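In what follows, a structure is listed as C-alpha cells, so that the remarks can point back to it.
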Amino acid sequence: MSDLLTAADVARGVCRLFAQQGLVAIPEVSLPNGRRTDLTAIDAKGQIIIVEIKVSRADLHGDGKWPDYCDWCDRFYWALAAGLDPAILETPDYRPESSGLIVADRYGAAVVREAASRNLAPARRKAELLRIGRLAMRRAMIAADPDLAGPWGEGL
C-alpha cells in the first residue's frame, strides 16, 4: 500500500491531523543550515514542529540528514506512509526516545509515538517564527499575484 502513497498524500493526511489539533503547517521550509523540511508546523503556543515524510523503505533507510532539523524545532516527527514498516525507527540511529512517529494516508493520520519536547532558545524561536511567518505570507501574496514571484527567492 505504501508504494501507492506519495509524499503529498502523507503531507495531506498529516495536515488534516494537525488541523484537528489546532496546528498550522507549511510545506517545504528552507532552514538556515541549508536543509529543507517536508512540513513545518506551529502550535498555538508558538512551538515549532518539523515533520520528515517517508513513503518508501529505500527513502527511510537512506536518510542521514534528519538530525540537522533538530536544532530548529521543539519537536521532530517522522511521518510514514500507511503500510510502511516503522521498525527501523526503533533503532538508536533514529533516536526513538526523542523523535515522534506519525502514520498517515491522504485522508488522515495518527500519532503512534509522541515526540519529546526540546524547547528552542527564545531568540531562535523568535527568529524562526518571524522567518516562517514571512515565508507563509510571501507564498500567499504570490498565490494571489504570481507576477510577484520574480523578485523574491525563498531566502527572504
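The values are calculated or read from the model by the stated rules, or taken from the named source; none is laboratory data. Predicted model only: the values in this text are computed from it and were never measured. Please note: Cβ atoms are built from the backbone with ideal geometry, for glycine as well, and neighbour counts cover all protein chains shown.
Checking Arg125, Arg118 one by one, the residue that is farther than 22 Å from Ala7 by Cβ, among the charged types (D, E, K, R), at pLDDT 95 or above and surrounded by fewer than 19 Cβ atoms within 10 Å (Cβ to Cβ) is Arg125 and no other. Residues in the stretch 103-119 that are assigned to a strand (DSSP E or B) and over 15 Å from Val10 (Cα atoms): Arg113 alone. Contact map, the stretch 29-57: first residue over 19 Å from Met137 (Cα atoms), second residue among the acidic types (Asp, Glu) and in a loop (DSSP other than H, G, I, E, B), Cβ cut-off under 6 Å, separation 6 or more or different chains; the map is empty. Here Arg118, Arg113, Arg57 are screened, and the one residue that is in contact with a Gly (Cβ under 7 Å, 6 or more places away or on another chain) and farther than 19 Å from Pro27 by Cα is Arg113.
Residues checked against (1) closer than 19 Å to Pro86 by Cβ; (2) surrounded by fewer than 17 Cβ atoms within 10 Å (Cβ to Cβ):
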{"position": "Asp9", "(1), (2)": "yes, no"}
{"position": "Leu17", "(1), (2)": "yes, no"}
{"position": "Ala25", "(1), (2)": "no, no"}
{"position": "Pro32", "(1), (2)": "no, yes"}
{"position": "Thr37", "(1), (2)": "no, no"}
{"position": "Ile42", "(1), (2)": "no, no"}
{"position": "Ile53", "(1), (2)": "yes, no"}
{"position": "Arg57", "(1), (2)": "yes, yes"}
{"position": "His61", "(1), (2)": "yes, yes"}
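Six or more apart or on different chains, Cβ under 9 Å: which pairs go from a residue in the stretch 117-135 that's within 20 Å of Leu148 (Cβ to Cβ) to one that's surrounded by fewer than 17 Cβ atoms within 10 Å (Cβ to Cβ) and of a type in the set (A, V, I, L, M)? Could you list them? Taking only residues 6 or more apart or on different chains, the pairs are Ile132/Ile26; Arg134/Leu156; Leu135/Ile26; Leu135/Leu156.
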